[in-house]
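Engineer: The following block contains the structure, expressed as structure tokens.
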């Protein structure tokens with residue numbers, strides 16, 4: 001085997017290994033329906049109500065909009081924190097809130113940080129677009145966030161356990177039923 005072939009093979013090996021990694025369930029989010037489906041091996045294993053941005057869809061810096069398209073989970077924050085744990089600056093503050101605590105709207109329970117892989121969501125990571133718990137659970141199911149995808153604490157904790165770094169996330173303005181159908185038939189693009 002020549003040196004060039006050996007170097008080329010060695011450089012290709014990590015890519016082969018990365019392609020073989022199982023990143024767990026896929027997350028599909030419909031802005032239109034304010035719902036999420038968790039799909040594993042082609043089957044929906046969970047559905048949740050969510051809240052996306054009250055400012056609409058987009059990825060402009062400073063826009064407070066929810067970006068669309070293919071992304072992946074690049075970080076998970078909040079392992080073993082209690083439900084309602086307040087997370088500020090990606091750290092637990094020591095405070096724990098009950099759902100719908102009056103006058104409070106912090107990030108709680110878990111943070112699942114997203115990184116975009118398309119031009120239409122290239123700022124998602126820098127904008128700190130998360131899937132996270134909200135203290136304002138009564139508003140979940142309506143577009144009320146500042147760009148992130150909000151969930152009830154019990155739901156985001158369950159989701160946190162189901163996903164891994166690298167898990168694919170698709171946010172669409174299509175109905176959830178259509179996004180799930182495309183995923184089941186292999187039409188959705190892979191990262």
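Engineer: Identify, from the list 89, 103, 62, 84, the residue that is in contact with a strand residue (DSSP E or B) (Cβ under 8 Å, 6 or more places away or on another chain) and on the phi > 0 side of the Ramachandran plot.
Structural biologist: Of 89, 103, 62, 84, the one residue that is in contact with a strand residue (DSSP E or B) (Cβ under 8 Å, 6 or more places away or on another chain) and on the phi > 0 side of the Ramachandran plot is 84.
Engineer: Is one or more of the residues making up the stretch 84-99 under 11 Å from the mean Cα position of the chain (by Cα), assigned to a loop (DSSP other than H, G, I, E, B), crowded, with 18+ Cβ neighbours inside 10 Å and in contact (Cβ under 8 Å) with a residue 40 or more places away in the chain?
Structural biologist: Among the residues of the stretch 84-99, not one is under 11 Å from the mean Cα position of the chain (by Cα), assigned to a loop (DSSP other than H, G, I, E, B), crowded, with 18+ Cβ neighbours inside 10 Å and in contact (Cβ under 8 Å) with a residue 40 or more places away in the chain, which makes the answer no.
Engineer: Follow-up. What is the one condition in (1) at positive phi; (2) part of a strand (DSSP E or B); (3) in contact (Cβ under 8 Å) with a residue 60 or more places away in the chain that residue 131 does not satisfy?
Structural biologist: Checking residue 131 against (1) at positive phi; (2) part of a strand (DSSP E or B); (3) in contact (Cβ under 8 Å) with a residue 60 or more places away in the chain, the one that fails is (1).
Engineer: Filter the stretch 48-77 for residues that are more than 22 Å from residue 138 (Cα to Cα), part of a loop (DSSP other than H, G, I, E, B) and at pLDDT 95 or above and give the result.
Structural biologist: 58, 59, 67, 68
Engineer: Could you list all residues from the stretch 152-191 that are at pLDDT 95 or above, touching a helix residue (DSSP H, G or I) at 6+ places or on another chain (Cβ under 7 Å) and under 13 Å from residue 29 (Cβ atoms)?
Structural biologist: 170, 172
Yes/no matrix, rows are residues, columns are (1) crowded, with 22+ Cβ neighbours inside 10 Å; (2) in contact with a helix residue (DSSP H, G or I) (Cβ under 7 Å, 6 or more places away or on another chain); (3) assigned to a loop (DSSP other than H, G, I, E, B):
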site: 39; (1), (2), (3): no, yes, no
site: 79; (1), (2), (3): no, no, yes
site: 104; (1), (2), (3): no, no, yes
site: 108; (1), (2), (3): yes, yes, no
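Engineer: I'd like to check something: does the stretch 106-118 contain any residue that is closer than 17 Å to residue 31 by Cβ, more than 11 Å from the chain's Cα centre (by Cα) and in contact (Cβ under 8 Å) with a residue 60 or more places away in the chain?
Structural biologist: no
The values are calculated or read from the model by the stated rules, or taken from the named source; none is laboratory data. It should be emphasised that the depicted structure is a prediction, and the values quoted were computed from it without experimental measurement. Quick reminder, even Gly has a Cβ in these numbers, built from the backbone with ideal geometry, and neighbours come from all protein chains shown.
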